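Before any comments, here is the structure.
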Amino acid sequence: MDYPDLVAASQPEALRAALAANADKLQHAAEEHHGGGGLESVRQATYKGHEIVVRTSYAITVDGRPFNVHLTIDNDGRVHYHGLPTRDFPSVIGLVEKAIDVFGDEFGPPDQPADPEPEPEPHGHDHPGGA
């Protein structure tokens with residue numbers, strides 16, 4: 001690709017058109033990469049012919065503020081985070097501590113009170129038993 005073609009392809013309208021034309025492929029790739037979305041980690045193993053699947057979801061806050069990152073955890077329990085791609089951590093707490101060290105300005109001062117948690121959005125349907 002030559003420079004004028006690259007400049008043309010990187011313009012907002014060209015990017016919007018490319019994203020719209022490939023929306024299904026991009027959605028599928030995101031679901032494959034993130035296991036269906038959300039802060040969920042999926043681990044799998046086979047043991048004595050039995051298939052084991054462990055799905056774990058996380059709700060992480062720092063000073064009461066959500067820390068919405070996608071974590072992956074391997075079968076040895078090591079934690080990985082895209083924001084620090086060359087590292088793995090022995091625990092989620094260790095990962096968040098390192099994120100505070102590296103990206104401290106993004107967390108704000110520790111003594112600043114967090115905003116109250118937002119009300120959950122209505123789902124548009126009722127759950128049995130009032131849940």
Worksheet item: Tell me, which residue of the stretch 11-45 that is modelled with pLDDT under 85 and either polar (S, T, N, Q) or touching a Pro at 6+ places or on another chain (Cβ under 6 Å) (or both) is surrounded by the most Cβ atoms within 10 Å (Cβ to Cβ)?
Response: Ser41
Worksheet item: Hey, does the stretch 77-96 have a residue that's outside any strand (DSSP E or B) and on the phi > 0 side of the Ramachandran plot?
Response: yes
Practice prompt. Scan Leu84, Leu71 and give me the residue that is within 29 Å of Ile52 (Cβ to Cβ), in contact with a Phe, Trp or Tyr (Cβ under 7 Å, 6 or more places away or on another chain) and of a type outside the set (Lys, Arg).
Written response: Leu71
Worksheet entry | Odd one out for Lys48 among (1) out of contact with any Lys or Arg (no Cβ under 6 Å at 6 or more places or on another chain); (2) modelled with pLDDT under 85; (3) not small (Gly, Ala, Ser) | (2)
Worksheet item: Looking at (1) surrounded by fewer than 10 Cβ atoms within 10 Å (Cβ to Cβ); (2) modelled with pLDDT of 85 or more, can you tell me which one Pro109 breaks?
Response: (2)
Worksheet entry | Of the criteria (1) modelled with pLDDT under 85; (2) β-branched (Val, Ile, Thr); (3) farther than 30 Å from Leu19 by Cα, which one Val62 fails | (1)
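The values are calculated or read from the model by the stated rules, or taken from the named source; none is laboratory data. Values in this document were obtained by computation on a predicted structure and should not be read as measured data. All Cβ positions, glycine included, derive from the backbone under ideal geometry; neighbour counts span all protein chains shown.
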